[in-house]
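The values are calculated or read from the model by the stated rules, or taken from the named source; none is laboratory data. All figures in this text were calculated on a predicted structure; none of them were measured in a lab. Counting neighbours? That spans all protein chains shown, and the Cβs are built from the backbone with ideal geometry, glycine included. Surface areas here come from the heavy atoms of the whole protein model, side chains and all, with no ligands, DNA or RNA. Shrake-Rupley method; radii C 1.70, N 1.55, O 1.52, S 1.80 Å.
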Amino acid sequence: MSVLLKPHARVETGARTSQFYLADCLDVFRQLPAESVDVIVTSPPYNMGIRYNTYQDTLEQGDYLRWTTEWVGAAARV
């Protein structure tokens, strides 16, 4: 499912504007041009059975590694 790319917040520092997104990173990365991001702050689930409010941290190891490969590759692209 594609989401409309809308920053959660914007911060102006001099001539630069920083944008922050609160969304599934894969949805955001798909809509960003290559090499357009200066920094990514992340706290992915570590698939260790941690109880989150909305996320189920219980993927099979192979599924978790495929998902991790996908988001890391997308992060490297942007």
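The set of residues in the range 39-64 being more than 14 Å from the chain's Cα centre (by Cα), modelled with pLDDT of 80 or more and either under 14 Å from Asp24 (Cβ atoms) or open to solvent by less than 80 Å² (accessible area, probe 1.4 Å) (or both) consists of Leu59, Gly62, Asp63, Tyr64. A search for C-beta distances below 6 Å between a residue of the range 22-44 that is farther than 18 Å from Arg10 by Cβ and any residue that is assigned to a helix (DSSP H, G or I) and open to solvent by 70 Å² or more (accessible area, probe 1.4 Å), counting only pairs 6+ apart in sequence or on different chains, returns Ala34/Arg77. Could you list, in sequence order, all residues of the range 12-38 that are touching a helix residue (DSSP H, G or I) at 6+ places or on another chain (Cβ under 8 Å), closer than 16 Å to Trp67 by Cα and either among the aliphatic types (A, V, I, L, M) or open to solvent by less than 100 Å² (accessible area, probe 1.4 Å) (or both)? Passing the criteria: Cys25, Leu26, Phe29.
For the range 23-34, the criterion of being in a loop (DSSP other than H, G, I, E, B) and touching a His at 6+ places or on another chain (Cβ under 9 Å) is met by at least one residue. Among residues of the range 50-78 that are outside any loop (DSSP other than H, G, I, E, B), those with a beta-carbon under 6 Å from a residue that is open to solvent by less than 40 Å² (accessible area, probe 1.4 Å) and among the polar types (S, T, N, Q) at least six positions away or on a different chain give the pairs Tyr64/Asn47. Remark: pairs (first residue in the range 6-18, closer than 21 Å to Arg30 by Cβ; second residue hydrophobic (A, V, I, L, M, F, W, C) and modelled with pLDDT of 90 or more; Cβ separation under 7 Å; 6+ apart in sequence or on different chains) = Ser18/Val11. Here the condition is being touching a strand residue (DSSP E or B) at 6+ places or on another chain (Cβ under 9 Å) and in a loop (DSSP other than H, G, I, E, B); of Val11, Val41, it holds for Val41 alone.
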